[in-house]
1. For segment 76-100, enumerate the residues that are β-branched (Val, Ile, Thr), under 14 Å from the mean Cα position of the chain (by Cα) and not in a loop (DSSP other than H, G, I, E, B).
2. Being modelled with pLDDT under 95, hydrophobic (A, V, I, L, M, F, W, C) and in contact with a strand residue (DSSP E or B) (Cβ under 9 Å, 6 or more places away or on another chain) is the requirement here; does Val38 meet it?
3. Pick from segment 111-123 the residues that are of a type outside the set (A, V, I, L, M, F, W, C) and without any contact (Cβ under 8 Å) to a residue 24 or more places away in the chain: which of them is farthest from Ser42 (Cα to Cα)?
4. Can you pull out the residues in segment 86-101 that are more than 19 Å from Pro25 (Cβ to Cβ) and modelled with pLDDT of 95 or more?
5. Of all residues being closer than 18 Å to Gly13 by Cα and either in a strand (DSSP E or B) or of a type in the set (Lys, Arg) (or both) in segment 101-120, which is farthest from the chain's Cα centre (by Cα)? Just the residue, please.
6. Within segment 4-62, how many residues are assigned to a loop (DSSP other than H, G, I, E, B) and closer than 23 Å to Leu87 by Cβ?
7. Which residue, of Val140, Val108, Val85, is under 17 Å from Gly45 (Cβ atoms) and either in contact (Cβ under 8 Å) with a residue 40 or more places away in the chain or among the β-branched types (Val, Ile, Thr) (or both)?
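The values are calculated or read from the model by the stated rules, or taken from the named source; none is laboratory data. If you're wondering where the values come from, they're calculated on a predicted model, not measured in any experiment. Quick reminder, even Gly has a Cβ in these numbers, built from the backbone with ideal geometry, and neighbours come from all protein chains shown.
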Amino acid sequence: MSKINFSLNDFIGAYGVCFDGFLVPTNPAGSPVPMTAVGWMSANGSGTLTVERTVKVPGLAPLEQTATGDYTVKSNGTGTAVLTVSLSNHPTQIERYSFVIDDHNNEVQFIAIGITDANNQPFTPFGPHSAECDLVVRGVGRKQ
């Protein structure tokens, strides 16, 4: 029988995390830029996340990123998370995710559902005059 009464406390602990996807230029439109990441995430069971990850984009040095944010969990095990991502020499970004708790609370599968700058404006990852981009990624977190 499947669990149908999930709560914040079902997403708790340390998780190894990886994701793959693309930065997709939207204005002006352009070719998607592949990216991949691996790292660590901690959920406190009360709605707060902490993330440390290394992101790799072709042609650039790996980026060490930290993020903090909040998450919600519905009774069906789905939820959303909003992360504030900081890294040196780059603008702060706000990433939004949708996720599902899986495998008896040992796994979280997620997709990105949006990205903006810290002022909720379109994300321009390569400077203020670069293309606006969307984030298209899919990933998984497994309990450590």
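1. If the condition is that a residue be β-branched (Val, Ile, Thr), under 14 Å from the mean Cα position of the chain (by Cα) and not in a loop (DSSP other than H, G, I, E, B), then Thr80, Val82, Thr84, Val85, Ile94, Val100 are the ones that fit.
2. For Val38, the condition - modelled with pLDDT under 95, hydrophobic (A, V, I, L, M, F, W, C) and in contact with a strand residue (DSSP E or B) (Cβ under 9 Å, 6 or more places away or on another chain) - is not met.
3. Gln121
4. Matches in segment 86-101: Tyr97, Ser98, Phe99, Val100, Ile101.
5. So the residue we want is Asp102.
6. 8
7. None of the others qualify; the one that does is Val108.
Table: residues versus (1) more than 17 Å from Leu49 (Cα to Cα); (2) out of contact with any Ser or Thr (no Cβ under 7 Å at 6 or more places or on another chain); (3) not aliphatic (A, V, I, L, M).
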{"site": "Ala61", "(1), (2), (3)": "yes, yes, no"}
{"site": "Thr68", "(1), (2), (3)": "no, no, yes"}
{"site": "Lys74", "(1), (2), (3)": "no, yes, yes"}
{"site": "Gly79", "(1), (2), (3)": "no, no, yes"}
{"site": "His90", "(1), (2), (3)": "yes, yes, yes"}
{"site": "Asp103", "(1), (2), (3)": "yes, yes, yes"}
{"site": "Thr116", "(1), (2), (3)": "yes, yes, yes"}
